[in-house]
Every structure is written in structure tokens, then in C-alpha cells.
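These notes concern the structure reproduced below.
The values are calculated or read from the model by the stated rules, or taken from the named source; none is laboratory data. These figures come from a predicted structure and were not determined experimentally. FYI the Cβ positions are ideal-geometry reconstructions off the backbone, even for glycines, and counts take in every protein chain you see. Accessible surface is based on the protein model in full, side chains and every heavy atom, while ligands, DNA and RNA are left aside. Shrake-Rupley method; radii C 1.70, N 1.55, O 1.52, S 1.80 Å.
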Amino acid sequence: MTYAVVLAPAAAKTFRSLPAYSRAEVRDALERHLRHEPTRVSKSRIKRLRGMSQPQYRLRVGEVRVFYDVTREAVQVLAIVTKAEAADWLARHGTPGTPGGAG
């Protein structure tokens, strides 16, 4: 199954502000990892976020972190942030999951 990759307005703005090299890396990673198997967790690249109902996943692309949710037909990219900003972004924008949940 092929998923549509949809960037939230804030993620699109951040994506456009990245240096050209980083933008190319992120674009390639979105296509390679999120277009076909966005929920396939890997040791270093894709991580399911525990204790969070939103965002559900994090994709690592060098020093950039992509936070996203997966629906039936689309991958919704919520944020593209640097590694240094990732914890702060999650604290401000992440939605904690229910205790004892599967996340």
C-alpha cells in the first residue's frame, strides 16, 4: 500500500527553511520510509513514541527529527525539527497517551 505524505503547515514552513542539503535528505527519507512502510519500526531510523497518542512516530534523518501520525491512507507530518529542538517540541505539542495503553 502506498501512503500519501501530507505536511502540516508548520512542518512545510520548517521544511522550506532547511538548507538545501538537509531538505534533499528529508525529502528522500520521507519518500523512502514513509511512503510505503511508515509503521515499520527500526533500531535507528523509525521509532514508535511510547506514552504518546500524538505524534505516534519519529523518523530520524541525520540531525533532523520528523514527527508524524499514520492514518489509513496518509502519513501526516506534524513537525520537522532539529535534534536539539525535539524534546522541547514534544513537551509543548505532544499529546500524552492513556496510562496502560498500548503506546
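For region 72-87, in order, what is each residue's ³J(HN,Hα) by Karplus, 6.51 cos²θ - 1.76 cosθ + 1.60 with θ = phi - 60°, in whole Hz (x at glycine and Pro)?
My calculation for region 72-87 gives 4, 10, 9, 10, 9, 7, 8, 7, 10, 9, 6, 4, 5, 8, 4, 5 Hz in order.
Can you tally the net charge around R27? Count Lys and Arg as +1, Asp and Glu as -1, for every other residue whose Cβ sits under 12 Å from the Cβ of R27.
+1
Where only protein heavy atoms count, and the probe is 1.4 Å, what is the accessible area per residue for the chain in Å²?
63
Over the chain, what is the relative contact order in whole percent, taking alpha-carbon pairs under 8 Å and six or more residues apart?
31
Can you order the peptides 33-39, 90-96, 56-62 by their average number of other Cβ atoms within 10 Å per residue, highest first?
56-62, 33-39, 90-96
For the chain, what does the helix formula give at 222 nm: sum of -39500 (n - 2.57) over DSSP H segments with n ≥ 4, over the residue count, nearest 500 deg cm²/dmol?
-8500 deg cm²/dmol
Name the residues whose placed amide hydrogens come within less than 5 Å of the amide hydrogen of S53, ignoring near sequence neighbours (fewer than 5 apart) on the same chain.
T95, G97
If each of R27 and K13 carries a label point 7 Å out from its Cα toward its Cβ, how far apart are those two points in nm?
It works out to 2.1 nm between the two label points.
In whole Hz, with x marking every Gly and Pro, tabulate ³J(HN,Hα) for region 32-43 from phi via Karplus 6.51 cos²θ - 1.76 cosθ + 1.60, θ = phi - 60°.
6, 9, 9, 5, 10, 9, x, 9, 7, 6, 10, 5
Within the P(r) computed for region 18-64, what percentage of the Cα pairs occupies the region above 16 Å?
I get 41 percent for the Cα pairs in region 18-64 exceeding 16 Å.
Heavy atoms only, probe 1.4 Å: what % of the accessible area of the chain goes to carbon and sulfur, would you let me know?
Summing carbon and sulfur atoms, their accessible area is 52 percent of the total for the chain.
So if I restrict to the alpha-carbon atoms in the chain, what is the Rg, and what is Dmax, the biggest pairwise distance, in Å?
Gyration radius and largest Cα-Cα distance of the chain: 12.9, 42 Å.
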